[in-house]
Every structure is written in structure tokens, then in C-alpha cells.
Amino acid sequence: MALVNRLASSVASPRLRPTSSPAQPRICSLRYTPSSSPPPSSSPFTEKHSPERYRRDGWLYSDSLCQAPLPSSSSSSSGSDPDSLRRDDIALQLPELKNLLRVLKDKRERSCRCGGQKCVPGNVYLVGTGPGDPELLTLKAVRVIKGADLLLYDRLVSNDVLDLVGPAARLLYVGKTAGYHSRTQEEIHELLLNFAETGATVVRLKGGDPLVFGRGGEEMDFLQQQGIQVQVIPGITAASGIAAELGVPLTHRGVANSVRFLTGHSRKGGTDPLFVAENAADPDSTLVVYMGLSTLPSLAQKLMHHGLPPSTPAAAVERGTTPQQRVVFAELKDLADKISAEKLVSPTLIVIGKVVALSPFYSESFEDASMLVEAK
């Protein structure tokens, strides 16, 4: 109960959507359809049914083509800064967290008394949901999601995946985005532990793969040290899913003999992630950058400084494998400028390497750009 005590004191199939076509309308929201009827409940455990999740994570664009902004949430009325939003969320969720923990604990104790067996902790599953397309889920992931008592889900877990959750299960949003963490990583650890100790089947849903830039290793290590059994169900990481969507082979005989996954930002107080550029500037390798929008201009310069040709093919893919997917193709020297011009937003994956030119869409994107120039 350490967490509760501490708190008290404080899809349709995707389609390639290159951004080079001027006829493409800007996407205004992520699967949000306005409705005259209120959400089924204001409970934080039913957030998948409301626009709160999208407003919180900045999924709604501010654009003349878009619908009017949604009214501000009552939970954020006391302040608009991230810390205030987070405190309000915690205050709202605390009563339900306490109540749910009590219900699960009572249920477990009754079951143990009636069955005469020793009460044991529940299981925790770290489940990868892939890059966005729900049809890329594994069969094992679907089975575990449907059988969970409680699910803690991240920002990149789509509504289509959440629709698989059983009707009796509870959902708790623990997502993170730049400048706003609904929960700290330590609080997530304590949540997983508290609920597992009641005997519940707890599922931690993560976009992509839990052990590829998903902090799954930290959660697994913490829980195992507390005596909780943890099972990892892998997901298709963004690099594999998005590369397949574009028709880009991450490795290809005679073109790329290796692939490297790189995070575009460091943990707080950590080392600058761009220090690896000297070793990553390999023309015979494929470089995939996660969470790299803000550091790409510097990274590109460092890669070229260390010998990667400025003409190296590259791609940036926003919300890959979802219906909202947008793609920018460019040579490495131009990629950052094109991303800025097209206003790509997170989550965006960046792929750099000669294999990008093998995509059937790569040459088409340059042909489209050439035709636009000629038309002018």
C-alpha cells in the first residue's frame, strides 16, 4: 500500500500517407468522434471512452481545418501547468484506487479462506501492443488482455487495443509525454506491486515492445525483487512494424549488414544520446531513431561530420501503421527541414540508411515533388 499512502499525502488497416501530396487533409484527432452524449462515466478507469486522453497528450491539433477545441476538463480547473494537472488526476483517482485495492484484497482473502489454500500474489504481464495497428498483436497478448483484472496502459496504446479489454476489468492511464507524466516511474512500480499483492492479474500495456525503449526491464527487475512473478509478452517494435509498412528491409544483402536502434533523448541527468554518432555513422548499416524529433538536427549533423554521406536516404514516420500515419522521405541533409515543414509530431520514428531507397514509395515521393515544382 506504499503508493496509496504516498499519494494521500500529495484499426482499420493503415495506409501509407506521404506528406508530399498537397491534397492530404491534416488529421485533426486520433479516432475522436464528437458526440452529444456524455462519456459513460467520469471514472479515470474508463478514460478510453472519453476525449480526456487525447486532450492530455496533445492529440488534438490547433488548425483552421480542425474542429473547435474541446472544453477544458474540470479536473484541470485549479491550474494549467503539468504539475497541477498531475496532482488533480491523482486526487481524482485516489478514492477509486483505494476502493479497488480493498475490493480485490477482500475477494482474495475470501477465496483463500473458502478454498483452504495459501494466498499467493497475482501475476504481472508486460505486454507489447506493437506500433499501433491492433492486427499486429500476438495471440498470446490478446488472451492476456482479455483475462486481466487491471490494466495500466501507456500513451501509445490505441483505443482499438483497449477495446479488447474484458468488461469487468479496470483501466488506469499511466502515460508519459514530453513535459507531462501522469505518473512517475516509481509510482508505476508501486501500482503494479500493490495490485499484484492482492492476487490480481495485472497487465502493463506498452506500445511497441516492452523491452525496446519501453522501460520494461526496470519494471520487471523491481517486481522480481519483491517476489512477484513477471511474464513478458513481446510486441512488434516500431522499427520492424513501420519498416514493413513502408517496404523497407532493415537489413539487405549487399546494402545493409546490420541495424542499430538509437534513442533520441536521454533520461534526466543522463548522457547526451548523440555521443554515439561517431560509431553509428556506418553507411553499411541501418539506423533507427526512436523519440528523435527534437535532437534530429544535431544528430544529422554529427552523422555527416563522422562520414555518413549527406545524400543518405532517410524517412520519418508519424504514428506509423495507424490510419493517421504520415511519412516524409528525404536525403539525410534535408530530413530535419522537411520534418519541420510538414510539422510532424510525436510519436515519429526516423529511419536512416541506404535501405530506405528500396521502399517503393521512396522514388515516388521525389517524383511527386518534382511534378509540383514543374507545375509552379
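The numbers here are math on the coordinates, done by the rules we state, and not lab data. Small disclaimer: the values here were computed from a predicted structure and weren't measured. Methodologically, a virtual Cβ is constructed for each residue, glycine included, from the backbone with ideal geometry; neighbour enumeration extends over all protein chains shown.
Pairwise Cα distances in region 116-251 exceed 26 Å in 21 percent of cases.
Computed 3J(HN,Hα) for region 281-288, one whole-Hz value per residue from the Karplus formula 6.51 cos²θ - 1.76 cosθ + 1.60 where θ = phi - 60°, is 7, 10, x, 9, 10, 9, 10, 10, glycine and proline marked x. Is region 274-376 best put as rounded, prolate or oblate by its Cα gyration tensor, with a ≥ b ≥ c the root eigenvalues, rounded for a/c under 1.5, and otherwise prolate when a/b is larger than b/c, oblate when not? Because a/c hits 1.5 or more and a/b exceeds b/c, region 274-376 counts as prolate. Rounded to two decimals, the Cα radius of gyration of region 127-175 over 2.2 N^0.38 Å is 1.02.
Per 0.36 nm of contour for each residue apart, how much would the distance between residue 224 and residue 163 grow if the chain were fully extended, relative to their Cα-Cα spacing?
On the way: separation 61, 0.36 × 61 = 21.96 nm, distance 2.95 nm.
Stretched out fully, the residue 224 to residue 163 stretch lengthens by 19.0 nm.
Counting 0.36 nm for each residue step from residue 146 to residue 184 and taking away their Cα separation leaves a gain of 11.0 nm.
Using a cut-off of 18 Å between Cα atoms, the listed pairs 206/343; 146/206; 302/333 include 206/343 as exceeding that distance.
What you get for region 301-361, charging only the Cβ of Lys and Arg (+1) and of Asp and Glu (-1), is a dipole of about 80 debye around the Cα centre.
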